[in-house]
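Working notes, structure below.
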Amino acid sequence: MTPIPLINIPLCNLAGDGYILSEKSQSQNMLRGIVMSETVRVGLLGYGYASKTFHAPLIAGTAGMELVAVSSSNAEKVHADWANLRVEKDPQALFSDPDIDLIVIPTPNDTHFPLAKQALEAGKHVVVDKPFTVTLSQAYDLGAIAERAGKVLSVFHNRRWDSDFLTLKQLLSAGTLGNVVYMESHFDRFRPEVRQRWREDGSEGSGIWYDLGPHLLDQALELFGLPVAIQVDMAQLRPGSKATDYFHATLIYPQRRVILHASMLVAAASARYTVHGTRGSFVKYGLDPQEDRLKAGERPPLADWGQDKHDGVLTLSRDGITAEQTIATIPGNYPAYYAAVRDALLGKGENPVGVNQAIQVMELIELGLLSHEQKKAVALKNS
């Protein structure tokens, strides 16, 4: 079979819908929101897993950004990685610092709303790690606060820049699979022991529906838009588990079904994506390598950054003939997120993950909880 040509998709300008809610205020707020220097100065809240693994190295590796301070109670831990970085115990020291333009919030989920609210009201631009908030009403409130302040509010949905997702998005944009009627997106792990950490302690916003669910939901929305209904089954399958460690979600579209699945008790390899369309199918195993490389201490930019050794398999059927083709995986590009945030703050580009997009994810998070509680599919209000 003749290799199928693939189109190129820009990796650094996957624009969101912005944080401005009304056209009239857009020009006024953009003028107030632009950083007046050519360097965006960043303050990072906390130095836990997300800050250490993702945000600090990605910010430091972005031209035109400078990581100037971290709020942390463990200065020794911070200085082991960043010897000259200023460490403050109190986040308020970063909020009140006139030299800081952007506050990044990768703290426990239930602190996202109050910390983002304080930062915005202090006149800072804000990046919040996923999930945006723990409730939909909080998400709407933050959007309104950012609107009034004229500040950029963005959400770190980094898995839009996964290697396999970029590859799948390119295939769908090219129409290679025809009309997609079914997709399974799995994020399975084997972690049989319940760990003592906030993500697993049963508190508000804990569990993998809030941890992995936003990734899978955001990717599905990027590909297909909002469904008409959602049905979700959640469980605590590991002995001693206090938080959701399994979910199986179905996004219901008029002529499509999208399955989003995650479990902490899957030792065998499962396909990351299984996608079927009217012209063929695409199957991809293996996870994007960027998180593992960041955990190992590698810091972009590197020449081979994001290269994925796991290729996908494309199966097409034409005129009764079925053939398989290996599809090389596009390199992942997490650095593109902060490059786009920088451009948005300098008035040179769009917010890569805008408030309205993040609100849609939170709507599905809440409806998924309701669906599980009621044990039935729940329709979206505007469907």
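We did not get these values from a lab; they are worked out from the coordinates using the rules stated. Keep in mind that what you see is a predicted model, and the values were worked out from it rather than measured. Here the Cβ is made from the backbone with ideal geometry for all residues, glycine too, and neighbour counts use every protein chain on show.
Values for this structure:
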read-out: Local electrostatic count at Asp218 - Lys and Arg +1, Asp and Glu -1, tallied over other residues with Cβ under 9 Å; value: +2
read-out: Residue among Ala60, Ala174, Ala296 with the largest mean-square fluctuation in a Gaussian network model of the chain, springs linking Cα atoms under 10 Å; value: Ala296
read-out: Candidates Tyr338, Tyr246, Tyr49, ranked by Gaussian network fluctuation over the chain, Cα under 10 Å, top entry; value: Tyr49
read-out: Partners for Lys89 among lysines (Cα-Cα distance below 17 Å; same-chain residues under 8 apart left out); value: Lys52, Lys77
read-out: Fluctuation leader among Asn351, Asn333, Asn84 - the chain, Gaussian network, Cα springs under 10 angstrom; value: Asn84
read-out: Ellipticity estimate at 222 nm from DSSP helix runs (n ≥ 4, -39,500 (n - 2.57)) divided over the chain, nearest 500; value: -9000 deg cm²/dmol
read-out: 3J(HN,Hα) from dihedral phi, the range 283-297, Karplus parametrisation 6.51/-1.76/1.60, rounded to Hz, x for glycine, proline; value: 10, 9, 9, x, 9, 3, x, 5, 4, 4, 5, 5, 4, 6, x
read-out: Estimated Rh, the range 238-383: Kirkwood, alpha-carbon pairs, angstrom; value: 19.3
